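Notes follow the structure.
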Amino acid sequence: MSPPLLIALTGGIASGKSAVAALFASFGVPVLDTDAIARDVVEPGMPALAQIVETFSADILDDSGCLDRRRLREIVFTHPQQRQQLEAILHPAIREELARRAAAAGGPYQIHVIPLLVEGGRIDAFDRVLVVDCPEEQQIQRLIERDQSNVEQAQKILAAQASREERLAAADDVIVNTGTLADLERFVLTLHQNYVQLAAHREMDLP
């Protein structure tokens, strides 16, 4: 049996990635979210957290011994070199755990949710790239409503990510998330059927 077809799901912040991932999961598709994995690998007792404490000192822990994410964000966004140090610890740990969960999940195809796929340069690790897209104006409005951000804060967050054009250039498939939930459900159902067929055809092509 061939390994699962790997689909990388990405998109800008507040584009609707979580909603799309949930719809794929509703069809029984294994969905692996690197944001969730990133949280899991820094739980107390995990090797990555020990490395972070060794690098940044115990000041980045809260009173319960958990990672103080806000404090760490302040440090790495103020000092780019320390952000690189953090990424050098986190990225290998996330990739290792993602590979472990993918091997255990099975299925004809899998959805791997990777918000910073384009920025991280790991596109070639996947069979297809699915981009959830919407206009930047809509992203900003959703960010303001979701996080109580202001326009300036929302624009800064968007500026720190890959551009909409860069993501679309990397895409094999695109979901334009500007309509209703029913529209989104139709998009995802069509892609689900396509991915199942692609996985089946690949299976038949194996020697």
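A few remarks follow.
- Of all the listed residues (LEU49, LEU90, LEU86), the sole one being without any contact (Cβ under 8 Å) to a residue 24 or more places away in the chain, more than 30 Å from MET204 (Cα to Cα) and surrounded by 15 or more Cβ atoms within 10 Å (Cβ to Cβ) is LEU49.
- Any chance ALA102 is of a type in the set (Gly, Ala, Ser) and in contact with a Leu (Cβ under 7 Å, 6 or more places away or on another chain): yes
- Pick from the range 121-138, criterion within 23 Å of LEU32 (Cα to Cα) and part of a helix (DSSP H, G or I), ranking: nearest to the chain's Cα centre (by Cα): ILE123
- Only listed residue being buried (at least 18 other Cβ atoms within 10 Å of the Cβ) and in the same structural domain as ALA8 (by TED's automatic domain parsing), chosen from LEU98, LEU117, LEU72, LEU67: LEU117
- Residue within the range 99-120 that is of a type in the set (Asp, Glu) and within 14 Å of the chain's Cα centre (by Cα) present: yes
- Contact map, the range 114-142: residues that are under 30 Å from ALA88 (Cβ atoms) paired with residues that are among the basic types (Lys, Arg), Cβ distance under 7 Å, separation 6+ or inter-chain. Pairs shown: PRO115/LYS17; VAL118/ARG167; VAL131/ARG167; VAL132/LYS17.
- Only one entry of ALA25, ALA38, ALA14 meets the criterion of being surrounded by fewer than 21 Cβ atoms within 10 Å (Cβ to Cβ) and modelled with pLDDT under 95, and that entry is ALA38.
- Positions within the range 139-153 being outside any helix (DSSP H, G or I) and surrounded by fewer than 17 Cβ atoms within 10 Å (Cβ to Cβ), in sequence order: GLN148, ASN150
One line per residue, one yes/no per condition, for (1) among the small types (Gly, Ala, Ser); (2) touching a helix residue (DSSP H, G or I) at 6+ places or on another chain (Cβ under 6 Å):
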{"position": "ALA25", "(1), (2)": "yes, no"}
{"position": "GLY28", "(1), (2)": "yes, no"}
{"position": "PRO47", "(1), (2)": "no, no"}
{"position": "GLU54", "(1), (2)": "no, no"}
{"position": "ASP59", "(1), (2)": "no, no"}
{"position": "CYS66", "(1), (2)": "no, no"}
{"position": "ARG70", "(1), (2)": "no, no"}
{"position": "PHE77", "(1), (2)": "no, no"}
{"position": "GLN82", "(1), (2)": "no, yes"}
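- The residues of the range 38-67 that are more than 27 Å from VAL113 (Cα to Cα), not charged (D, E, K, R) and not in a helix (DSSP H, G or I), listed by number, are SER57, LEU61, SER64, GLY65.
- The single residue among ARG70, ARG83, ARG101 that is in contact with a strand residue (DSSP E or B) (Cβ under 7 Å, 6 or more places away or on another chain) and either in a loop (DSSP other than H, G, I, E, B) or over 14 Å from ARG167 (Cβ atoms) (or both) turns out to be ARG101.
- Criterion (in a loop (DSSP other than H, G, I, E, B) and in contact with a Pro (Cβ under 9 Å, 6 or more places away or on another chain)) met by exactly one of ILE13, ILE111: ILE13
The values are calculated or read from the model by the stated rules, or taken from the named source; none is laboratory data. No experiment lies behind these values; they were computed from the predicted model shown. Note: ideal-geometry Cβ built from the backbone for every residue, glycine included; neighbour counts use all protein chains shown.
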